[in-house]
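Asks: Handing you a structure now.
The values are calculated or read from the model by the stated rules, or taken from the named source; none is laboratory data. Remember, it's a predicted structure, so these values are computed and weren't measured experimentally. Counting neighbours? That spans all protein chains shown, and the Cβs are built from the backbone with ideal geometry, glycine included. Just the protein is used for accessible areas: all its heavy atoms, side chains included, with ligands, DNA and RNA removed. Shrake-Rupley method; radii C 1.70, N 1.55, O 1.52, S 1.80 Å.
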Amino acid sequence: MNKTLKLLQANLLELTRNRAAIFWTIMFPIMFILIFGLIYTNNDTSKLKVGLVVNDPSPVTQQISDSVAKIPVFEIKSGTQADLEDQLKNGKLSAVIIFGQTFSQDLAKQKAEIIIKYDPGSQTTAQIAISALHAATEQINQGITQVKQPVTVVSTSVQAQKTRQIDWLVAGILGMSIMQLGLFSSAALVTLREKKILRRFAVTPVSRIHIVIAQVLFRLCFGLTQSTVLLITGRLVYHVQIDGNILLMYGVIILGLMMFLAMGYIIASLAKNEEVVEPLVQVFSMPMMFLSGVFFPIDLMPKFIQPVIKILPLSYLNNALRAVINNNQSLYAIRMDITVMAIWLVVSLVVAVRLFKWE
Amino acid sequence: MSVIKVQDLHKHYGDLQAVDGISFDVNEGEIFGLLGPNGAGKTTTIEIIEGLRPKDNGVVELLNLDVAKKLQDVKETIGVQLQASSMIDLLTVREILNLFSSFYKHRADINKLMHDMNLTEKAKTLTKELSGGQKQRLAIALALVNDPLVVFLDEPTTGLDPQARRSLWEVIRSIQKQKKTVLLTTHYMEEAEVLCDRIAIMDHGKILAMDTPQNLINTYFKEKTIEIEFTEQIPQLDWCKQIPKVESCHADGQLLTLYTTHSQTVLSKTLELAAAEKWTFKDVRIRSATLEDVFLKLTGSRIRE
């Protein structure tokens, strides 16, 4: 045990001095999140989808609605209040503007309200909409009466309950990062082998099992740190929430890490030297990156490719992560994903043990 | 007392018989050298004794333990420097020594070890920033972290400059002074001659001769060596063998080497012949034979780097 801990300690010490590794495994996924987040945020500002609910049609509401609709960055969607609020919660709309049923009566009493509900992730949209409404109501206020502000704008922030695109994406990038970290562990192993450090260990009383356990523990520490940093970034920058049980989520992350670590050991066995490791990792990871629903939903993939997607391990990891992070699912609900990942883990382990070359 | 016992050891890789039935004993407290060119089977032999490679057949015992059967016990008592093995780049000298030390039950004092290996100043230096000589001293320090009884050094000075090589020789002698037994491989004649108590000359998986350096020379060379260096290339012909009283000779580029027990006669006759061919010489030396001469005689070739 002491030997394993000392090896683990040495690995961690090494990592803190390896800036390149830290950059690629921690900064890279964060940059992915930031860039993809920007693309979605950019969508937000180029055409902001705003729902408009008019429960009391009248010339005044028409006038205000028109002035809001005139704002070029807005794409107005109309519908029932329940429907549009639902879309707001789903992240399909940035804000919903509501004229209540008693708007005209209230206006006569000079205390009419326009309600705007917005998603806190779309602050900008809300600000634009609010100032547009202020501008529109100001005309009316001035036109109708001398009394101050018969129409007020009431804004409330509504936390989107269901998955927005960015929530969905962050969970996918988390899955991808876990895969990359696991598969790229092969590079470190091949280096240990090619530099004959494993041979040097072999003439000491330290056993292979100590070395393997230390490596696995090290990668788990590294992977859990990476995942946590990623989730915190998503939370701070895009308000990405973890809806489900955090322990269950970390359980899924650990299972995913173990599964891809075992595959990393297979890659390390196949790679003859350090130069071929990276291309080999890409051979394994590229198809999964694009087919296993990291960036695009699996349903969007053509039918003929679905059987392939159905065997890729990352599909199941992403599915399980999204179920827990985005949809608050229970362990029971993701039992299929867990089972398939466990099978992948066991099969990979058996193959890795058979193939692995210590020299 | 014999610390290492090897009897009729065989090892093949495919068609290649890397080790072809060798036997030797290494006694307690001696520096024993396996000398031979690359591919002679030295590394295979030393790695079988270390337990890194399985043997085909034969007896390999270390401190009366069968290496193949009692490997874990053997590992506790030996220290190994592998040929061309690297360090973990991003650890400091002290960290890597501590790491390796933690693998053993019996541990040497790291501070004293660094002091002995002249590495104290480099304690906080990352291993990748060490010079070749420092790396090699660290490799030897790593072989001593468990205060071993037997130390294996596989080509410890290969690739070092002459100064670093000499300083490493001092280090190896200091290991012997601590009552440890050393088995080393080398392809440097001088190294084997000045460092080893006994030498086994290996080629093509066999031991050609085994004794102390001086005995090897005395046994194989009663004759003196005459070396004549010419200013130009001389033909590699057997003409020199025609000179009376010459035991053997080699013409190698500008260098002519003659072995004889009658140096005066041979020298004057050779210079006479050279004058007739109008060859001018730069240097003439008469010396006692060295290990290199023995090697040349036994294997028929010089070791080239």
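Asks: Within the range B:257-271, can one find any residue that is open to solvent by less than 10 Å² (accessible area, probe 1.4 Å), farther than 30 Å from B:Gly33 by Cα and part of a helix (DSSP H, G or I)?
Replies: yes
Asks: Residues in the range B:197-219 that are under 24 Å from B:Ala18 (Cβ atoms) and not in a loop (DSSP other than H, G, I, E, B): how many?
Replies: First, the residues of the range B:197-219 that are under 24 Å from B:Ala18 (Cβ atoms): B:198-211, B:216.
With the extra rule that they be not in a loop (DSSP other than H, G, I, E, B), the set shrinks to B:198-203, B:206-211, B:216.
Of the residues in the range B:197-219, 13 are under 24 Å from B:Ala18 (Cβ atoms) and not in a loop (DSSP other than H, G, I, E, B).
Asks: Shifting gears a bit: In this structure, does B:Leu216 turn out to be within 29 Å of B:Thr45 (Cβ to Cβ), open to solvent by 20 Å² or more (accessible area, probe 1.4 Å) and in contact (Cβ under 8 Å) with a residue 60 or more places away in the chain? Before the answer, list the steps.
Replies: Values: within 29 Å of B:Thr45 (Cβ to Cβ): yes; open to solvent by 20 Å² or more (accessible area, probe 1.4 Å): no; in contact (Cβ under 8 Å) with a residue 60 or more places away in the chain: yes.
Considered against the rule, which asks whether it is within 29 Å of B:Thr45 (Cβ to Cβ), open to solvent by 20 Å² or more (accessible area, probe 1.4 Å) and in contact (Cβ under 8 Å) with a residue 60 or more places away in the chain, B:Leu216 comes out as no.
Asks: Mind counting the residues in the range B:107-151 that are facing chain A (nearest Cβ under 10 Å) and crowded, with 19+ Cβ neighbours inside 10 Å?
Replies: Selection size over the range B:107-151: 5.
Asks: How many residues does the range A:296-328 contain that are open to solvent by 30 Å² or more (accessible area, probe 1.4 Å) and in a helix (DSSP H, G or I)?
Replies: Residues that pass the stated criteria total 13.
Asks: Taking into account only those residues within the range B:27-44 that are among the β-branched types (Val, Ile, Thr) and at pLDDT below 95, which is nearest to the chain's Cα centre (by Cα)?
Replies: Here the residue is B:Thr43.
Asks: So which pairs qualify, if the first residue must be in the range B:27-56 and more than 14 Å from every other protein chain (Cβ to nearest Cβ) and acidic (Asp, Glu), the second must be part of a loop (DSSP other than H, G, I, E, B) and open to solvent by 20 Å² or more (accessible area, probe 1.4 Å), the Cβ gap must be under 6 Å, and the two must be at least 6 apart or on different chains?
Replies: Partner pairs satisfying both residue conditions: B:Glu28/B:Met1; B:Glu30/B:Asp197.
Asks: Here is a follow-up. Got a number for residues in the range B:63-106 being assigned to a strand (DSSP E or B), closer than 24 Å to B:Gln136 by Cβ and more than 8 Å from chain A (Cβ to nearest Cβ)?
Replies: Residues in the range B:63-106 being assigned to a strand (DSSP E or B), closer than 24 Å to B:Gln136 by Cβ and more than 8 Å from chain A (Cβ to nearest Cβ): 3 in total.
Asks: Hey, another quick one. Check whether at least one residue in the range A:175-183 is part of a helix (DSSP H, G or I), within 14 Å of chain B (Cβ to nearest Cβ) and open to solvent by 30 Å² or more (accessible area, probe 1.4 Å), and report yes or no.
Replies: The answer is no, given that none of the residues of the range A:175-183 is part of a helix (DSSP H, G or I), within 14 Å of chain B (Cβ to nearest Cβ) and open to solvent by 30 Å² or more (accessible area, probe 1.4 Å).
Asks: Give the residue, chosen from A:Ile209, A:Ile254, that is surrounded by fewer than 16 Cβ atoms within 10 Å (Cβ to Cβ) and within 14 Å of chain B (Cβ to nearest Cβ).
Replies: A:Ile209
Asks: Sticking with this structure for a sec: Return the residues of the range B:164-187 that are farther than 22 Å from B:Val150 by Cβ and either of a type in the set (Phe, Trp, Tyr) or over 14 Å from the mean Cα position of the chain (by Cα) (or both); say none if nothing qualifies.
Replies: Answer for the range B:164-187, where residues must be farther than 22 Å from B:Val150 by Cβ and either of a type in the set (Phe, Trp, Tyr) or over 14 Å from the mean Cα position of the chain (by Cα) (or both): B:Ala164, B:Ser167.
Asks: Go through (1) surrounded by fewer than 19 Cβ atoms within 10 Å (Cβ to Cβ); (2) part of a helix (DSSP H, G or I); (3) touching a residue at least 24 places away in the same chain (Cβ under 8 Å) for B:Lys222 and report which single condition fails.
Replies: Failed condition: (2).
Asks: Give B:Leu183, B:Leu208 a once-over and let me know the one that is touching a helix residue (DSSP H, G or I) at 6+ places or on another chain (Cβ under 8 Å) and surrounded by fewer than 21 Cβ atoms within 10 Å (Cβ to Cβ).
Replies: B:Leu208
Asks: Continuing with the same structure: Return a yes/no flag: does the range A:156-166 have any residue that is surrounded by fewer than 20 Cβ atoms within 10 Å (Cβ to Cβ), over 13 Å from the mean Cα position of the chain (by Cα) and in a strand (DSSP E or B).
Replies: Yes.
Asks: Let me ask another. Going through the range B:152-162 one residue at a time, which ones are touching a residue at least 24 places away in the same chain (Cβ under 8 Å) and open to solvent by 10 Å² or more (accessible area, probe 1.4 Å)?
Replies: B:Glu155, B:Thr158, B:Gly159, B:Leu160, B:Asp161
Asks: Considering each residue of the range A:215-236, count those that are open to solvent by 40 Å² or more (accessible area, probe 1.4 Å) and under 14 Å from A:Met27 (Cβ atoms), and give that number. I'd like the intermediate steps shown before the answer.
Replies: Looking only at the range A:215-236, we keep the residues that are open to solvent by 40 Å² or more (accessible area, probe 1.4 Å), and these are A:217, A:221, A:224-225, A:228-229, A:232, A:235-236.
Keeping just the survivors that are under 14 Å from A:Met27 (Cβ atoms) gives A:225, A:229, A:232.
Total meeting the criteria: 3.
Asks: Within the range A:336-359, count every residue that is open to solvent by 60 Å² or more (accessible area, probe 1.4 Å), closer than 20 Å to A:Ala320 by Cα and either charged (D, E, K, R) or free of Cβ contacts under 8 Å to residues at least 40 places away in the same chain (or both).
Replies: Final tally of qualifying residues: 5.
Asks: Among helices (runs of 4 or more DSSP H) lying entirely in the range A:190-281, which contain 1 or more residues that are over 30 Å from B:Thr44 (Cβ atoms)?
Replies: By residue number, A:208-238, A:246-270.
Asks: Just one of the numbered conditions (1) in a helix (DSSP H, G or I); (2) modelled with pLDDT of 90 or more; (3) surrounded by fewer than 19 Cβ atoms within 10 Å (Cβ to Cβ) is not true of A:Leu331; which one?
Replies: (1)
Asks: Here are some conditions: (1) in contact (Cβ under 8 Å) with a residue 40 or more places away in the chain; (2) away from chain B (no Cβ under 14 Å). A:Ile76 meets all but one. Which one does it not meet?
Replies: (1)
Asks: Just to be sure before I move on: is A:Asn11 within 14 Å of another protein chain (Cβ to nearest Cβ), more than 22 Å from the chain's Cα centre (by Cα) and free of Cβ contacts under 8 Å to residues at least 24 places away in the same chain in the structure I sent? If you could, list the steps in order and put the result at the bottom.
Replies: On the way: within 14 Å of another protein chain (Cβ to nearest Cβ): yes; more than 22 Å from the chain's Cα centre (by Cα): yes; free of Cβ contacts under 8 Å to residues at least 24 places away in the same chain: no.
In short, no.
Asks: Restricted to the range A:110-138, and to residues that are touching a residue at least 24 places away in the same chain (Cβ under 8 Å) and charged (D, E, K, R), which residue is surrounded by the fewest Cβ atoms within 10 Å (Cβ to Cβ)?
Replies: A:Lys111
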